[in-house]
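The values are calculated or read from the model by the stated rules, or taken from the named source; none is laboratory data. This one's a predicted model, so the numbers in the text were calculated from it and none came from an experiment. Heads up, the Cβs are rebuilt from the backbone with ideal geometry, glycines too, and the neighbour counts pull from every protein chain shown. With ligands, DNA and RNA removed, areas are computed over all heavy atoms of the protein, side chains included. Shrake-Rupley method; radii C 1.70, N 1.55, O 1.52, S 1.80 Å.
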Amino acid sequence: MEKEKDLLQMVNIEKNFPGVKALKGVNLNVGYGEVHALVGENGAGKSTLMKCLIGLYPVSSGDIYFAGKKIEHYSTAQALTMGISMIHQELSPVLYRPIMENLWLGREPLNRFGLVDHQEMYNKSLRVLQEIELDEDPRTLMVNLTVAKMQMVEIAKAISYDAKLIIMDEPSSALTEHEEQQLFKIIRKLKKQGTSIIYISHRLAEIFEIADKVTVFRDGKNVGTEAIDQLTMDQIITMMIGRTMDEMYPKIPCTIGETILEVKNLSHKKYFHNISFEVRKGEIFGIAGLVGAGRTEVIETIFGMRPKISGEIWINGKLAEINSPMDGIANKMGFLTEDRRATGIFAVLGVDSNIAIPNYDQFLSKIGLVDDRAVTKGCNEFVEKIQIKTPSLKQAIQNLSGGNQQKVLMARWLMTGPDILFLDEPTRGIDVGAKAEIYKLITMLASEGKCIVMVSSELPEILGMSDRIMVMHEGKMTGLLENSSDLTQDTIMRYATGTQDDF
Amino acid sequence: MKHQNRLQEIFTKYGIVFVLIVMIIAMSMIKPSFRTLNNILNILTQCSVYGILALGMTVVIVSKGIDLSVGSILALCAVIAASLGQSSTASTKYFANMAELPIIVPILAGLLIGAICGAINGGLIAFTGIPAFIATLGMMTICRGFAYIYTSGKPVSTLIPSFEFIGQGRLLGIPMPVVIYLGMIIITKILLNNTRFGKRTFAVGGNINAAEVSGVNVKKILLWVYTYMGMCAGVAAIVSTGRMVSAQPGLASGYELTAIASTTIGGTSQSGGIGTVWGAVVGALVLSVMRNGMTILGIQSYLQQIVEGVVIIVAVILDMRKNARKA
């Protein structure tokens with residue numbers, strides 16, 4: 001049959017969740033030995049499509065052909081035996097068990113007494129690990145491996161299933177450059193053996209390096225599939241967001257006033273040394289650098305989440321003693337954390353509780369009880385002001401989209417009436433429309449005279465929003481730059497990689 | 001269609017109330033004696049002691065904790081309170097030469113001991129970081145040991161009449177244990193839903209890291225959560241002592257589990273951040289009605305235990321399905 005030329009064909013896939021059409025007729029073809037990249041904003045449908053493919057979600061309609069056969073109604077276990085394997089973005093190894101038990105979890109080799117055959121397991125593991133050139137004893141506990149090596153183990157596991165198709169969801173997000181190259185080497189090797197790879201990533205540069213073809217997703221549809229050498233990065237971005245980049249950042253120049261926050265020679269035991277900068281009223285101060293440069297740790301220390309070993313923090317010309325987030329808040333600071341799920345939202349609680357948590361002091365009745373009506377009124381003001389889309393204030397925040405969750409957290413901090421707002425990766429994991437709204441909000445806050453310190457890994461965001469930019473490299477500040485139209489991503493990267501250093 | 005969803009929603013939310021109502025109606029039809037006012041007050045009285053524990057336990061579980069020591073704390077509070085509330089006519093007096101004290105003394109002593117034990121629990125959990133399960137497991141045997149040492153293993157009996165009033169008297173026709181239970185329901189409800197402490201307890205249970213970043217003093221909250229639990233045990237101790245007009249060190253063994261069961265049947269989630277006071281009340285009532293009903297029906301008490309266990313497990317399965325549907 002003619003469908004045989006591709007390993008995988010997904011035809012007109014639709015997936016409906018209650019109230020949401022997540023996939024609206026998606027087509028995807030992946031050839032034998034092809035590295036096929038999927039790109040698109042979060043929520044565009046890439047992950048949903050992959051979850052349908054591995055049998056986690058049943059499709060609402062559409063057909064899937066794999067290795068020439070139509071496949072339907074299968075479980076994840078059946079997908080694995082057919083040769084479809086997925087390496088998830090968030091690895092979930094059994095940390096305190098050895099590599100080999102992780103590899104053969106759920107299909108442990110048995111001896112003739114029906115007990116686990118550890119020798120056989122060891123030998124088989126050794127073979128698979130050799131295949132991907134991972135030089136580790138199979139008896140090593142997972143917890144002792146680096147994230148990169150854990151990922152290698154996952155790949156080894158996929159290979160051990162004789163996977164014909166391996167899906168990699170953001171495999172490089174936790175890797176160093178060297179480890180990334182190692183990953184690419186394995187991908188090339190797999191490809192040579194005829195294994196197909198679906199490669200999901202936000203990093204366009206690596207897609208150009210490794211992929212043969214790219215499919216772009218937007219709003220639950222595939223908006224285009226092309227051979228990678230037919231496209232430029234700008235074309236892909238335009239396809240992803242449906243408009244050109246410069247409409248994204250609404251930065252307007254604000255009057256910049258007196259110095260509010262002044263950091264002098266701040267050092268942390270481990271993460272950073274001798275950081276000094278000042279931020280003025282109405283200013284957006286960007287902090288750029290690679291992952292692990294110590295950016296987050298700097299602002300966490302200023303806010304009181306981590307102890308400093310030396311240095312001073314001055315606020316409005318007064319020396320501030322800040323030892324806990326409570327102190328930070330008392331000094332009129334707010335902090336939007338990087339990891340929304342881990343340190344931001346109270347998933348099961350309502351939007352109102354999520355906004356009001358640091359703010360109940362404002363809503364006490366005469367006898368000291370919380371006045372719920374005042375809370376509702378206060379929360380509603382912010383819901384309207386920053387246009388949070390929620391069915392009600394009582395709705396559990398976990399049911400909101402990422403962008404709206406982020407807005408709720410913004411509302412939480414705005415309600416505290418801060419002078420200084422720390423934003424750590426404020427647009428991470430939210431879709432492009434919500435991103436633009438967050439940018440608008442940040443600009444508005446600056447124009448109201450707040451001082452904003454923003455850590456971001458997205459250089460266009462840093463360049464599009466900041467008045468001044470501090471660049472960090474391995475715990476040291478390497479540059480303090482005025483943002484102007486001739487400042488480029490390349491310049492920032494030179495500072496971020498330590499190639500250039502002004503201090 | 002939409003209408004049906006709404007019904008379903010109400011049912012999943014208030015399912016356990018329907019179960020309670022069905023149980024009451026069924027019992028009333030099978031045994032008319034179930035319906036008498038006396039029996040109803042009896043049911044309420046019987047659940048007052050572990051009902052009060054369940055109130056504190058709701059606060060604890062909302063904070064994503066657990067307290068296994070409440071039964072033992074109750075016993076310790078009870079024997080100390082009883083020893084301070086003995087009548088001068090008692091044949092074996094704990095304090096041989098002590099005059100009769102006003103009732104407020106044993107009451108305050110009971111509450112204070114409960115609060116101290118609870119504060120130790122809370123302090124251990126908040127400041128050493130050991131899991132609540134372990135801290136309170138240790139306190140469970142420690143407090144029980146103290147109760148036995150304090151009494152040399154003997155019951156403390158013949159208490160002053162006002163103690164008897166707390167356990168067996170009536171206020172406007174309502175048994176005093178029920179009056180106290182109602183009072184504690186109101187206090188706990190206000191504490192959990194209308195104070196900053198309550199709101200922050202939900203936050204700590206919902207996401208302890210986010211609470212910390214939001215400027216919540218997490219350690220202080222945990223300390224007070226367990227202190228309140230201890231005070232509830234103190235109150236329950238007073239009620240229990242009053243009902244029996246005596247206290248003995250083996251008292252309330254296993255009550256921590258009944259309290260956890262009541263809370264859980266009422267829909268408070270072990271994963272923290274979700275829970276209601278009325279749920280704990282309904283849960284306690286379900287257990288009480290069930291016990292009372294089975295006794296009236298003449299069901300063997302060993303069999304009753306099995307039924308109770310099944311009900312607890314089924315309630316949690318239903319509850320998890322409810323929460324799973326939301327996610």
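When residues of the stretch A:447-476 are filtered for being open to solvent by less than 10 Å² (accessible area, probe 1.4 Å) and under 20 Å from A:Asp502 (Cβ atoms), how many remain?
Count: 9.
If you scan the stretch B:208-226, which residues turn out to be β-branched (Val, Ile, Thr) and within 13 Å of chain A (Cβ to nearest Cβ)?
Within the stretch B:208-226, B:Ile208, B:Val213, B:Val216, B:Val218, B:Ile221 meet the criteria.
So that you can scan it fast, the table gives a plain yes or no per residue for (1) open to solvent by less than 50 Å² (accessible area, probe 1.4 Å); (2) without any contact (Cβ under 8 Å) to a residue 60 or more places away in the chain:
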position	(1), (2)
A:Asn12	no, yes
A:Asn29	no, no
A:Val35	yes, no
A:Lys46	yes, no
A:Cys52	yes, yes
A:Thr81	no, no
A:Met86	yes, no
A:Met100	yes, yes
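Just give me the residues in the stretch B:174-207 being surrounded by fewer than 18 Cβ atoms within 10 Å (Cβ to Cβ), within 14 Å of chain A (Cβ to nearest Cβ) and not in a helix (DSSP H, G or I), in sequence order.
The answer is B:Thr195, and nothing else.
Among A:Lys264, A:Lys213, A:Lys191, A:Lys251, which is touching a strand residue (DSSP E or B) at 6+ places or on another chain (Cβ under 8 Å), buried (at least 16 other Cβ atoms within 10 Å of the Cβ) and not assigned by TED's automatic domain parsing to the domain that holds A:Leu175?
A:Lys251
Of the residues B:Val225, B:Val235, B:Val239, which is within 21 Å of B:Gly122 (Cα to Cα) and open to solvent by less than 10 Å² (accessible area, probe 1.4 Å)?
B:Val225
How many residues, within the stretch A:149-166, are open to solvent by less than 30 Å² (accessible area, probe 1.4 Å) and aromatic (Phe, Trp, Tyr)?
Number of matching residues: 0.
Looking at the stretch B:264-272, can you tell me whether even one residue there is in a helix (DSSP H, G or I) and either closer than 29 Å to A:Gly344 by Cβ or among the hydroxyl-bearing types (Ser, Thr, Tyr) (or both)?
There is at least one residue in the stretch B:264-272 that is in a helix (DSSP H, G or I) and either closer than 29 Å to A:Gly344 by Cβ or among the hydroxyl-bearing types (Ser, Thr, Tyr) (or both).
Of the residues in the stretch B:137-159, how many are among the hydroxyl-bearing types (Ser, Thr, Tyr), assigned to a helix (DSSP H, G or I) and crowded, with 16+ Cβ neighbours inside 10 Å?
Count: 3.
Identify all residues within the stretch A:353-377 that are more than 10 Å from chain B (Cβ to nearest Cβ), closer than 14 Å to A:Met415 by Cα and open to solvent by 10 Å² or more (accessible area, probe 1.4 Å); write none if there are none.
A:Gln362, A:Ala374, A:Thr376, A:Lys377
Report, by residue number, each residue of the stretch A:406-446 that is within 14 Å of another protein chain (Cβ to nearest Cβ) and open to solvent by 10 Å² or more (accessible area, probe 1.4 Å).
A:Leu414, A:Met415, A:Thr416, A:Gly417
Any residue at all in the stretch A:331-352 that's more than 9 Å from every other protein chain (Cβ to nearest Cβ), of a type in the set (A, V, I, L, M) and closer than 19 Å to B:Asn217 by Cβ?
yes
For the stretch A:378-392, give me each residue that is open to solvent by 20 Å² or more (accessible area, probe 1.4 Å) and within 14 Å of another protein chain (Cβ to nearest Cβ).
A:Pro391, A:Ser392, listed by residue number.
Out of the stretch B:280-303, which residues are in contact (Cβ under 8 Å) with a residue 24 or more places away in the chain, small (Gly, Ala, Ser) and surrounded by fewer than 24 Cβ atoms within 10 Å (Cβ to Cβ)?
Matches in the stretch B:280-303: B:Ser288, B:Gly293.
Restricting to the stretch A:298-330, count the residues that are away from chain B (no Cβ under 14 Å) and among the β-branched types (Val, Ile, Thr).
4
Could we say that B:Met229 is in a helix (DSSP H, G or I), within 14 Å of chain A (Cβ to nearest Cβ) and within 30 Å of B:Gly206 (Cα to Cα) here?
Considered against the rule, which asks whether it is in a helix (DSSP H, G or I), within 14 Å of chain A (Cβ to nearest Cβ) and within 30 Å of B:Gly206 (Cα to Cα), B:Met229 comes out as no.
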